[in-house]
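Undergrad: Here's a structure for you.
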Amino acid sequence: MSATPGPAPPSPDPTPSTSQESVQPTIEAVDRLVFDYLRNRGFRVPEQAVPDGVEGASPDDKGKAPELPPPQTISSEELIRRLAVFSQKPTQPGENALKDSANVLQELSSAGGSINIQNLIASIGSIGAEEILSSDPTDKTEGFRDLEAWVDGSLDMYRPEFRPILFPVFVHFYLDLIQSGFKEAAVRFFSEFSPSLAAAHNSTLHHLSTLLLPAHVQNDELAQRFRNEKYVIRMSRSGFSLLIGWLTEGIGGEDMGSGEGFSGEKGKRGRSAVMRVVNNHLKFDVTTSSTTTVSPTAWEENTGLLSSLIPRTNGTGPTHTNAQAFNSAQGQLKLGPAPMSEELRNETERVLQEKALVEHDPSAQYDIHYTRPQPPPGVVAPSLSDLPPHPPTFKSIDVQREVERVRDAKKRIRLEPSALNNIDPNSPQAANVMARALPSICCYTIHDAPEGVPSCTFSPDSTLMAAGFAESYIRLWNLRGEKLKGMRTNNLRKLKERGGSATRKLIGHSGPVYSLSFDPLSGSAAPPKYLLSSSADATVRLWSMDTLTNVVAYRGHQNPVWDVQWSPMGIYFATASRDRTARLWSTDRASALRIYAGHLSDVDAVRFHPNSLYLATASSDWTARLWDVQRGNCVRVFIGHQGIVSTLAFSPDGRYLASAGEDNAINLWDLGSGRRVKKMTGHTASIYSLAFSTESSLLVSGGADWTVRCWDVKGAGGLPGKRENGMVNGTATPKSREEEGIETTDLVSTFPTKRTPIINVQFTPRNLCLAAGPYLPPDPR
């Protein structure tokens, strides 16, 4: 009987075996790609952790395919939606080709073929690809919230050095969200966290708020600077250790009110997002100085995108990593007063002696050393050969100017703001002390100018005022009420006009007039002979005050000219332009003599040093620079502002430079060392103008907050102590909550106007302060 064959055992299915063999090289390839990516990003720990995990596996596990976690997959439609934010229109590169996310698939299908999809994927940048792999908008919100809470919860001694890290992390988180297509999340992130940073970074935050598409970020210059450069953060060694401890373990500080601190999965993901920014975009300048020995406002100095702000040294010199190293390498500057020729000195002394006899006062101390004192110890004075080329002989107006300078020095009101220290404003002697400490201020208000008044200035003898209007003309006023009469030629004879009025209009520019400057040659001895003006039409014009007509138009800049200033010598003048350069001109030449290039953005202001050897420039790249006028090289760079620097002022003694701008702060710099002496805060809007008193003891500022403020230059400064029972240092000062937190102790006094932004402040030789601005009527709505 034959045996019936039983059912054959099932043969092994070849499919799983083949699949397992094909998966293994795929996994190895993926691991290799991941390792290469991590190695390029600078991460070494994950690369070492994986071999350790393989070596630690049991013998039974070796040879087996690794057990992979279930893959996190997304549909092809969702992948295409995420990639679509990087697509641009070929005809309009700045505009996204797929604005409406609901119609993405339809748009891509109509684009035709896989080649378009491949081009779309190829256009993704490295940062965009990284964010698509780990994109979660809530991580950045939680991470920044925890970082801000950690900074605010840290000790008072560490908080000033931790706060500067918030701004670059905020910027990169916002740009990451925009580039990943999370527009709504980016707007929410911006509205939630930007108010705490607005005080110091208002202009930059406003610029960032206009970037709403990935194409905007890719084409924006400031955004690309943040992406491509390392943001330098200055920090103490102990502070840096605390930061690393929080990033890695969540140690040090408490998220106030949460109860769980920074623990939990959300806290870890948030810290990981912060760490990505720290690793990829920040560079820490760790100092050995103790936290307690550094001024709280000094941590922001030498902080920012510094790699392109530090001037490059010519030749084979070393590349400096911070401003202080660069300034120290430039050597000593000659900051003393300009010398006077022996012939001019003798003639001035002779005229002074004659005046003393005429005034029946032979014992009067008409001493020329009133105006040209000896420089203090350590300050080097230039010689005549150091000065820029000038006429070999003097004129009668030079003698008149020097004589009047001595008379002004004798009759000057000396301001002593330090006398107000520890004085009770309500005491009986306070009025007398304030009269010695504060200047008299004469403010001129321009009415009925709805088109705007970008510029205004006063003549050195205080007889003329000029204002530049947005409607392309200049208006002159005689402050004494005398009629302005121009010279006219009639039969080869110069005759004064018969008519005339106390105000005249000068027409010649074809754009808004941004800056004006009267020539200083006659000083306070006589009215000026010339007026310079700069405009949006990229020209500078020289006007004769005798004929009240345009004499020369200087062309060379290719963009609007923001500022123009005479040299103290009266022969040269300098201009600042949107083309990122400052230029030196001579009145007898139609082309520029020197071009000072190096700023990364608009040059907004120029000022000559009192001895004419150096030129200071302020820029929209947040820095100020000091240039050697004749050699054309940069000798100092000043980094410390957190916004556009729009105005400058040299102290009359030549030792200090004050700078201010859209970060609402005034920085006082020591020119010899290049270091910041102090930071003065109190303005609540942009600062338009600065001026030192003649003794260099008082600084006056005017700004968009409709105020004139006086500052003690020699005061220690710094923020006041904490209020107790509504008083500071035992003195009641009723101020708003907003002003309480920003006013430094060297703010001597504030003079508010009704609704007049102060666009110009300047001192007369006898210490009368002149100010001017256009009145802004309230909105009738």
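Undergrad: Going toward the positive end of the dipole of segment 491-624, with +1 on Lys and Arg Cβ and -1 on Asp and Glu Cβ, which of Gly556, Ala525, Gly511 do you reach last?
TA: Ala525
Undergrad: Under a crude label model (7 Å from the Cα following the beta-carbon direction), how far is Asn432 from Leu212 in nanometres?
TA: Taking the two extended label points, one gets 6.4 nm.
Undergrad: What shape does segment 566-658 have by the C-alpha gyration tensor, where a ≥ b ≥ c are the square roots of the eigenvalues, rounded means a/c under 1.5, and otherwise prolate means a/b greater than b/c and oblate the rest?
TA: oblate
Undergrad: Any chance you could run the full-extension gain for Glu249 through Arg312? It's 0.36 nm times the residue separation minus the Cα-Cα distance, nm to one decimal.
TA: Between Glu249 and Arg312, full extension yields an extra 18.7 nm.
Undergrad: Please list 754-765, 276-287 highest first by mean number of surrounding beta-carbon atoms within 10 Å per residue.
TA: 754-765, 276-287
Undergrad: Quick one: if you stick a label point 7 Å off each Cα along the C-beta vector at Asn219 and Thr587, how many nm between them?
TA: The two pseudo-label positions are separated by 4.6 nm.
Undergrad: Another one. Give the calculated FRET efficiency between Asp779 and Leu155 to the nearest 0.05, with a Förster radius of 41 Å applied to their Cβ-Cβ distance.
TA: The value I calculate is 0.35.
Undergrad: Further question: According to a simple spin-label model (label point 7 Å from Cα along Cα-to-Cβ), what is the distance in nm between Thr319 and Glu354?
TA: According to this spin-label approximation, the distance is 6.3 nm.
Undergrad: To continue, here is another question. Quick one: go through segment 458-491 and flag any residue whose amide nitrogen is under 11 Å from the point 7 Å out along the Cα-to-Cβ line of Leu768.
TA: 461-464, 479-480
Undergrad: Out of residues 5 or more away from Gly703 or on other chains, whose amide H comes under 5 Å of its own, with H placed 1.01 Å from N in the peptide plane?
TA: Tyr688, Ile758
Undergrad: Kindly flag which residue pairs out of Lys140/Lys679; Lys334/Lys529; Lys230/Lys714; Lys283/Lys334; Lys355/Lys395 have an alpha-carbon separation exceeding 24 Å in this structure.
TA: Beyond 24 Å: Lys140/Lys679; Lys334/Lys529; Lys230/Lys714; Lys283/Lys334.
Undergrad: Which FRET efficiency, nearest 0.05, do Gln374 and Arg675 yield, Cβ-Cβ r, R0 25 Å?
TA: Result of the calculation: an efficiency of 0.55.
Undergrad: Can I ask one more? Efficiency by 1/(1 + (r/R0)^6): what FRET value for Glu416 and Leu387, r their Cβ-Cβ distance, R0 = 35 Å, to the nearest 0.05?
TA: 0.60
Bear in mind these aren't lab numbers, they're just calculated from the coordinates by the rules spelled out. Not measured: the values here are computed from a predicted model. Quick reminder, even Gly has a Cβ in these numbers, built from the backbone with ideal geometry, and neighbours come from all protein chains shown.
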